[in-house]
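Here's the structure we're looking at; comments come further down.
The values are calculated or read from the model by the stated rules, or taken from the named source; none is laboratory data. Remember, it's a predicted structure, so these values are computed and weren't measured experimentally. Cβ placement follows ideal geometry from the backbone for every residue including glycine, while neighbour counts extend to all protein chains displayed. Side chains included, ligands, DNA and RNA excluded: accessible areas come from the protein's heavy atoms. Shrake-Rupley method; radii C 1.70, N 1.55, O 1.52, S 1.80 Å.
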Amino acid sequence: MNQTASAAPETDSSVKNLVPRIIPRAEHGISRKNISNGALRVLYRLHEAGYKAFLVGGAVRDLLLGGHPKDFDIATDATPEQTRALFRNCRLIGRRFRLAHVVFGREIVEVATFRGIGEAGDSDRHVVDGRIVRDNVYGSIEEDAIRRDFTVNALYYDISDFSVRDYVGGIADLQHRTMRLIGDPVQRYREDPVRMLRAARLAAKLEFSLAEETEAPIGELAGLLADVAPARLFDESLKLFLSGHGLESLRRLHHLGLLGELFPATARALAGPRSAEFGRLLGYTFTSTDERIRSDKPVTPAFLFAAMLWEPVRSLAERLVQEGSDAGAAWQMAVDRVVHQQAVRVAIPKRFVMAMEEIWSLQPRFEQRQRKRVLRLLAHPKFRAAYDFLVIRSHDEPELREQVEWWTEAQELDAKQLSEQLQSTTAASAMGEPARKRKRTRRRKRKNPGAQDGPGADAETVLE
Ligand code: ATP
Ligand code: MG
């Protein structure tokens with residue numbers, strides 16, 4: 001071992017003197033057959049042209065952990081222009097920091113020139129006619145390593161000899177399953193508060209813990225996220241919740257005190273009088289979303305957001321009714337207010353907000369069994385999402401189960417069967433409204449301990 005360990009270099013001279021720990025090919029598990037063809041071609045071509053070429057970042061980390069990276073990033077000492085000259089299928093992107101994208105069919109390999117330190121401020125911008133033309137400070141591999149966020153994200157796989165280079169103690173942290181910020185944590189979070197979210201997300205995904213000094217400042221610095229562009233927070237929210245580890249990400253955010261920065265109303269409701277029920281609802285929602293993602297089924301963020309804001313809307317509407325509003329107006333007011341306040345933090349695009357509102361507004365329509373309304377609801381573009389949400393609600397609201405059974409069956413019937421079923425329901429309800437009666441009996445059963453099953457069975461512990 002040499003002196004690199006988990007050193008956090010602070011000065012220029014210590015950066016230059018940084019000696020990597022080199023793990024030779026025989027001592028690590030990265031095999032080229034797990035690297036995409038596109039990435040290999042880019043690495044080899046750069047190398048043959050005399051440039052340094054490394055696979056870097058999440059891909060190296062995931063390969064060392066035995067995972068399958070979804071994208072491959074490459075770092076090189078070739079400038080973007082030099083990279084472009086080597087590939088026909090290459091375009092340069094990014095105004096502030098230029099990157100090369102090399103395209104192989106559906107695969108895009110991102111090639112970045114080693115980035116220098118000190119480009120965080122605006123002083124290195126080149127401005128022409130008021131337009132930023134470039135903001136590029138290229139650097140050495142050492143500088144590139146220490147400007148990355150976590151030690152496990154700063155490992156370099158060298159195509160020239162298939163070794164792995166470690167400048168910041170990433171290998172040791174990988175072995176201890178620890179996320180450790182490079183450098184002074186407070187300074188690094190201040191430079192970019194999104195790193196707090198990345199800590200939560202990557203720890204959830206990798207089942208890592210946070211190093212003590214990496215975790216400690218988060219409570220105090222969480223508020224810095226208020227200054228991050230809501231659009232970036234939306235992108236980050238999708239990565240948190242729609243990468244197959246949504247429930248674990250939610251738990252980590254909750255425990256680190258970060259959830260309230262992204263979804264303040266959700267965090268408040270989780271601390272409110274119905275926290276246990278709401279925690280379970282989120283548990284069911286995120287578990288089913290994670291499962292769908294793992295089995296490659298489609299998911300929509302609108303569904304998750306509808307669940308996350310459901311209790312805030314419900315409880316606000318309830319309060320407005322108590323204060324004298326009529327139910328319909330109270331509901332609409334609650335929706336408007338909650339959605340509006342949410343938009344200040346995370347910019348959920350309009351189309352998802354609309355879908356979210358539809359999922360909510362369709363909920364009471366599952367009570368209606370008149371032929372026309374049933375057919376209209378079944379044909380509604382958001383029927384499926386609204387039905388799935390009803391199913392999730394029914395885990396904790398047993399009085400909804402009769403509705404779930406009815407609509408589960410209704411979807412499976414062909415037109416003729418459905419119309420027979422509707423005739424009998426309509427006749428029955430005309431005679432004595434059995435749906436309502438049944439609803440009341442079911443409600444009394446609510447205390448039945450056997451009524452709860454699925455992932456929320458251990459109730460309050462869902463977000464523990
Ligand atoms: P994922 O598995 O989600 O792709 P990742 O670590 O690859 O995880 P990316 O967003 O793809 O995350 O970023 C690629 C690399 O860029 C990271 O591994 C890290 O080295 C660097 N990086 C990304 N975001 C930051 C940041 N905010 N600050 C410093 N370095 C960053
Ligand atoms: Mg990545």
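Tabulated data for the structure shown
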| item | result |
| --- | --- |
| Selection from the range 187-206 of residues that are touching an Asp or Glu at 6+ places or on another chain (Cβ under 8 Å), more than 8 Å from ligand 1 (Cβ to nearest atom) and closer than 16 Å to residue 58 by Cβ | 197, 199, 204 |
| Residue ID - nearest to the chain's Cα centre (by Cα), chosen from residues in the range 41-94 that are surrounded by 14 or more Cβ atoms within 10 Å (Cβ to Cβ), away from ligand 2 (no atom under 15 Å from the Cβ) and among the basic types (Lys, Arg) | 41 |
| Residue tally, condition touching a residue at least 12 places away in the same chain (Cβ under 8 Å) and more than 14 Å from ligand 1 (Cβ to nearest atom), over the range 207-217 | 7 |
| Yes/no for residue 258 being touching a helix residue (DSSP H, G or I) at 6+ places or on another chain (Cβ under 7 Å), open to solvent by 10 Å² or more (accessible area, probe 1.4 Å) and closer than 20 Å to residue 338 by Cβ | no |
| All helices (runs of 4 or more DSSP H) inside the range 321-401 with 2 or more residues being under 25 Å from the mean Cα position of the chain (by Cα) | 327-345, 350-362, 383-394 |
| Scope the range 137-188; condition hydroxyl-bearing (Ser, Thr, Tyr) and buried (at least 23 other Cβ atoms within 10 Å of the Cβ); matching residues | 151, 156, 157, 167 |
| The range 54-79 residues that are closer than 16 Å to residue 40 by Cβ and of a type in the set (Asp, Glu), paired with ones that are in a strand (DSSP E or B) and within 9 Å of ligand 1 (Cβ to nearest atom) (beta carbon under 6 Å, 6 or more apart) | 73/56; 73/110 |
| Strands (runs of 3 or more DSSP E) completely within the range 61-109 that count 1 or more residues being farther than 23 Å from residue 162 by Cα and more than 16 Å from ligand 1 (Cβ to nearest atom) | 90-93, 99-104 |
| The range 147-171: number of residues that are over 14 Å from residue 29 (Cα atoms) and part of a helix (DSSP H, G or I) | 4 |
| Filter result (assigned to a loop (DSSP other than H, G, I, E, B), within 14 Å of ligand 1 (Cβ to nearest atom) and more than 22 Å from residue 207 (Cβ to Cβ)) within the range 42-60 | none |
| In the range 186-215, the residues that are in contact with a strand residue (DSSP E or B) (Cβ under 9 Å, 6 or more places away or on another chain) and of a type in the set (A, V, I, L, M, F, W, C) | 199, 200, 202, 203, 206, 208, 210, 211 |
| Residues (without any contact (Cβ under 8 Å) to a residue 60 or more places away in the chain and either among the polar types (S, T, N, Q) or open to solvent by 70 Å² or more (accessible area, probe 1.4 Å) (or both)) located in the range 348-374 | 350, 351, 354, 361, 363, 364, 365, 368, 370, 371, 372, 373 |
| Single match in 408, 461, 425 (criterion: among the β-branched types (Val, Ile, Thr), surrounded by fewer than 14 Cβ atoms within 10 Å (Cβ to Cβ) and modelled with pLDDT under 80) | 461 |
| Odd one out for residue 287 among (1) open to solvent by 20 Å² or more (accessible area, probe 1.4 Å); (2) touching a Phe, Trp or Tyr at 6+ places or on another chain (Cβ under 8 Å); (3) touching a residue at least 60 places away in the same chain (Cβ under 8 Å) | (2) |
| Check on residue 231, assigned to a helix (DSSP H, G or I) and within 16 Å of ligand 2 (Cβ to nearest atom) | no |
| Test: residue in the range 239-249 that is in contact (Cβ under 8 Å) with a residue 12 or more places away in the chain, away from ligand 1 (no atom under 13 Å from the Cβ) and outside any helix (DSSP H, G or I) | no |
